[in-house]
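The values are calculated or read from the model by the stated rules, or taken from the named source; none is laboratory data. Quick caveat: nothing in here was measured; it's all calculated off a predicted structure. FYI the Cβ positions are ideal-geometry reconstructions off the backbone, even for glycines, and counts take in every protein chain you see.
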Amino acid sequence: MGQRVWIRRALMLALVVGVSACGRNNSLASVNENTSPQEIIALADAEVARRKFSRAGDLYLEVERLYPYTVEAEYAVIQAAKAYQSGKKRIESRASAQRYISYYPAGEYAALAHYLVALSYYDQIVDVGRDQENTFQALQALRIVLERFPDSEYAALAAPKFTIALNQLAGKEMDVGRYYLKRGEFSAAIGRFDVVVNEYGNTPHRPEALQRLVEAYLSLGLLAEAGQAAAILAADYPDSEWNAAARALISVGQ
C-alpha cells in the first residue's frame, strides 16, 4: 500500500514539473493585450537565447499584431525575420522580411530585410543539374541589396553570394548547352553558350563557353563565327586550356 502511494506521489510530481516546464517554454500562451511590447520582445529575446528560433519569431510577430504601426512593431518584424532565418524557417523569414519591406520601405532595417529575402532563396540553391529558380530569385534579391544599399554591411555580405549565384546560373546554362551539343542540336547549344559569354560576365565558365561556341559553329560549317569566338578566347584567355582546344579545332577545320 505504502509503495503504491509513493508511486502515485512520484507520478504527480513528474506531472507538475512537466506542466511547469511546458508553461515556461510556451511563452506565447502568456501573451495578451495587457502584455507590453517591451515584455513580449524580452520573451522573444529569451527564446532566441535558448535557440528556440521559431518560437521567438512567433513571439516577435505578436508585437505587430497587438501594437501595429509602432516603433516596437517595426523592430519586432525584422527580428522575427532574423529569428526564422536562424531556425531555417526560410518561408517564414522571407514573409516577415517582405512584410517589413512593404510597411517600412525606407526604414532603418530595410537593407537587412532585403538581405534576409535574398538569404531565404540563397540557402536553397541546389546543384546545376536541378531547377535553378531559387538561384535566380537569390540573384535578383542580392542585386537589390548591392544597388540600393551599396555602403551597408549587407552589401559586403551580399557581394560574394551574388558572384556564387551568378556562377551557378552560368553553370546551369553550360550544363544544358553541353547536353544539346552532345545530341547534335548545335543551334540550341550556341544559344546557351552565347548567354554565358555575353550575359553572365567574366565567370569561370566563360572560357569553356567560347571554346564550345567554336566547336558548335564549326559543326554547322560557320567558319567566320567560329573564328570570331576563337579570337575572343585567344585575346581574353591566352593561357587557358580551352584556348588550346579551340586552336586545335580551328586548325582541323581549316
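Listed here are the residues, each with its yes/no results for (1) surrounded by fewer than 20 Cβ atoms within 10 Å (Cβ to Cβ); (2) modelled with pLDDT of 95 or more; (3) in the same structural domain as Y122 (by TED's automatic domain parsing).
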residue: A44; (1), (2), (3): no, yes, yes
residue: L61; (1), (2), (3): no, yes, yes
residue: R65; (1), (2), (3): yes, no, yes
residue: P68; (1), (2), (3): yes, no, yes
residue: V71; (1), (2), (3): yes, yes, yes
residue: V77; (1), (2), (3): no, yes, yes
residue: S86; (1), (2), (3): yes, yes, yes
residue: S93; (1), (2), (3): no, yes, yes
residue: R99; (1), (2), (3): yes, yes, yes
Q | From A246, A224, residue being crowded, with 16+ Cβ neighbours inside 10 Å, among the small types (G, A, S) and assigned to a helix (DSSP H, G or I) | A | A246
Q: Answer yes or no as to whether Q228 is touching a Phe, Trp or Tyr at 6+ places or on another chain (Cβ under 6 Å) and more than 20 Å from I125 (Cα to Cα).
A: no
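Pick from S240, S152: which is polar (S, T, N, Q), assigned by TED's automatic domain parsing to the domain that holds I125 and without any contact (Cβ under 8 Å) to a residue 60 or more places away in the chain? First the steps, then the outcome.
Details: S240 fails: assigned by TED's automatic domain parsing to the domain that holds I125.
S152 is the lone residue from the list that is polar (S, T, N, Q), assigned by TED's automatic domain parsing to the domain that holds I125 and without any contact (Cβ under 8 Å) to a residue 60 or more places away in the chain.
Taking the stated definitions as given, is Q38 assigned to a helix (DSSP H, G or I) and closer than 26 Å to D151 by Cα? So that I can check it myself, show each step before the final result.
Details: assigned to a helix (DSSP H, G or I): yes; closer than 26 Å to D151 by Cα: no.
Taking the combined requirement at face value, the residue does not satisfy it.
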Q: Determine if segment 24-36 includes at least one residue that is surrounded by fewer than 23 Cβ atoms within 10 Å (Cβ to Cβ), among the β-branched types (V, I, T) and modelled with pLDDT under 95.
A: yes
Q: Might you let me know whether segment 131-150 holds any residue that is closer than 23 Å to P37 by Cα, modelled with pLDDT of 95 or more and of a type in the set (G, A, S)?
A: no
Q) Taking segment 101-126 as the search range and keeping residues that are among the small types (G, A, S) and surrounded by fewer than 18 Cβ atoms within 10 Å (Cβ to Cβ), which one is farthest from L43 (Cα to Cα)? A) A106
Q: Examine segment 125-133 for a residue that is in contact (Cβ under 8 Å) with a residue 24 or more places away in the chain and either within 18 Å of L157 (Cβ to Cβ) or assigned to a helix (DSSP H, G or I) (or both), and state whether such a residue exists.
A: yes
